[in-house]
Each structure stands twice: as C-alpha cells, then as structure tokens.
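Notes for the one structure printed next.
None of the figures in this text is laboratory data; all of them are computed from the coordinates on show. What you are looking at is a predicted structure, and each value in this text was computed from that prediction instead of being measured. Here Cβ is always computed from backbone atoms with ideal geometry, including for glycine, and neighbour counts include all displayed protein chains.
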Amino acid sequence: QVQLVESGGGLVQAGGSLRLSCVASGTIVGVNNMGWYRQAPGKQREFVALISRAGSINYSNSVKGRFAISRDNAKNTLYLQMNSLNPEDTAVYYCNADIYSGGVSGGTLKNYWGQGTQVTVSS
C-alpha cells in the first residue's frame, strides 16, 4: 500500500510564508514526477508546480517567482516553499506523484494523490 501524506499547512497572514511537505511511503520501488495542486472553495483543482526525478521544474504562472518546489529522492519527500502569500492562495493543497510500487514482477507504475493540507491566508 502506497500513501502520500501532506503536512505544513495552516493559517498565515498575507505576505507570510509556509513550507509544505509530502512524504511517500509504502512498498515503493521508485518515484518519478511529483507535483503540487490546489483547490480553492468553489473552484476546480488547479496545477501549482511539478518536479521530475532529475529536477526539471514547471510552475503555474500564478505562483512563479513566489513558490519553490523541491524534492529529496532519498526520503521520497516533496516540498513546496511558499512566500509572499496572499488570500488568493487559500486552498487545500494536494500532493501528486507517479510511483512504482511493489508487485509480483517487481513494480507497477501508478499515479497517487495525498489527502490534502489546508492553507489559509488572511488579509
């Protein structure tokens, strides 16, 4: 069983910072792309940032220059450093990853979602 668990969300004032973490655990053989998505109240889930295993990064235009995605492959952990937060960043932030899990032949590639962590930015 593979799980993604996010942490680090909370309440912060506008202009402040938060650092989110996402830990992948279970019968993991390897982790490929990892990314962050968010869903604000009444809106569709949207892309925030993506990082490949080799370190190639893509950001949404709405967060570029303010957020920084990173990963620790040895720990199967994903991070999102969020700076200059504003109320429009308020959302549930979800971790996503492509993971090879253990199987009879040695591994199966699947996409996984975490349960999400709430980020609330007050004005």
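Numbers below:
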| quantity | calculated |
| --- | --- |
| Inter-label distance, nm, simple model (7 Å from Cα along the C-beta direction), Ser52/Ile28 | 2.0 |
| Stokes-Einstein diffusion coefficient of the chain, Kirkwood radius over Cα pairs, 10 °C, 1.306 mPa s, in µm²/s | 108 |
| Rounded to the nearest 20 debye, dipole of the chain from Cβ charges on Lys, Arg, Asp, Glu | 120 |
| Ordering of 54-67, 24-37, 107-120 by burial proxy (mean other Cβ atoms within 10 Å per residue, highest first) | 24-37, 107-120, 54-67 |
| Test item: Cα-centred dipole of the range 15-81, Lys/Arg +1 and Asp/Glu -1 on Cβ, debye | 120 |
| Summed residue charge, Cβ within 15 Å of Ile57's Cβ, Lys/Arg positive, Asp/Glu negative | +3 |
| Relative contact order of the chain, pairs being alpha-carbon contacts under 8 Å that are 6 or more residues apart, as % | 36 |
| Theoretical FRET efficiency, 1/(1+(r/R0)^6), r = Cβ-Cβ of Ser70 and Ser122, R0 30 Å, to 0.05 | 0.70 |
